[in-house]
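Read the structure below first, then the notes.
The values are calculated or read from the model by the stated rules, or taken from the named source; none is laboratory data. Source: prediction; values computed, not measured. Positions of Cβ are generated from backbone atoms using ideal geometry, with glycine treated the same way; all protein chains shown enter the neighbour counts. Note: accessible area is taken over every heavy atom of the protein model, side chains too, but ligands, DNA and RNA are not part of it. Shrake-Rupley method; radii C 1.70, N 1.55, O 1.52, S 1.80 Å.
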Amino acid sequence: MKRIFGTSASWFFATIAVAAVAFAAGQATQLPEGEGKQLVTDACGSCHDLEPITKQELDKEGWKDLIQRMVANGASIDDKQIPIITEYLAKNFGPKNSGAAAAGGGGLPDGEGKQILQNVCTTCHDLDLVTGTQASKAGWEDIVKSMNAKGAGLSDKDTSLLIDYLAKAFPEKK
């Protein structure tokens with residue numbers, strides 16, 4: 001009996017310790033002060049870590065689209081809070097005005113679909129993943145449709161624009 005209690009107690013304390021470390025790690029990301037900080041902390045931080053937010057570099061429209069997708073996925077954000085959160089995120093985590101970002105998000109080639117790539121694909125993926133991928137048009141179609149099935153939320157028109165852009169910008173090497 002003592003052995004069972006001892007083993008159970010050990011597992012219990014180990015679980016608490018792991019949870020405490022995970023919680024502390026999730027709290028490490030500090031957001032800049034400003035109107036909307038608490039809303040972002042509460043609404044976004046209730047489901048996931050805040051660190052990916054700090055790396056997005058979306059424009060205002062991109063943040064708004066992402067917030068609306070999060071609401072569609074169950075985020076508890078009131079319609080009146082969306083503009084406040086959007087403004088806060090765009091101000092603090094919008095596109096950078098220097099270097100590669102000024103050149104169009106990591107030196108991305110211009111073209112229809114670039115904005116979709118920057119505002120949709122980068123909500124989950126680092127640009128290096130996208131720019132390091134080379135595929136045929138059919139390959140890009142498979143990738144984009146797979147991402148859309150996982151919640152990217154692209155319209156048919158945007159899906160076609162993005163596939164064409166990716167196939168032209170990052171073609172399969174022969």
Quick check: anything in segment 132-146 closer than 23 Å to Lys55 by Cβ, open to solvent by 40 Å² or more (accessible area, probe 1.4 Å) and either touching a strand residue (DSSP E or B) at 6+ places or on another chain (Cβ under 8 Å) or part of a helix (DSSP H, G or I) (or both)?
-> yes
Restricting attention to segment 117-131, the residues that are in a loop (DSSP other than H, G, I, E, B) and surrounded by 14 or more Cβ atoms within 10 Å (Cβ to Cβ) number exactly 2
Restricting segment 117-163 to residues that are within 20 Å of the chain's Cα centre (by Cα) and hydroxyl-bearing (Ser, Thr, Tyr), which is modelled with the lowest pLDDT?
-> Thr123
Every residue from segment 39-92 that is in a loop (DSSP other than H, G, I, E, B) and of a type in the set (Lys, Arg) = Lys55, Lys80
Matching residues in segment 149-174 (assigned to a helix (DSSP H, G or I) and either of a type outside the set (Asp, Glu) or open to solvent by 60 Å² or more (accessible area, probe 1.4 Å) (or both)) number 17
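Yes/no matrix, rows are residues, columns are (1) open to solvent by less than 60 Å² (accessible area, probe 1.4 Å); (2) modelled with pLDDT under 85:
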residue: Asp78; (1), (2): no, no
residue: Ile85; (1), (2): yes, no
residue: Ala101; (1), (2): yes, yes
residue: Glu112; (1), (2): no, no
residue: Gln115; (1), (2): no, no
Inside segment 46-58, can you point out the residues that are closer than 22 Å to Cys121 by Cα and surrounded by fewer than 16 Cβ atoms within 10 Å (Cβ to Cβ)?
-> Cys47, His48, Asp49, Glu51, Pro52, Thr54, Lys55
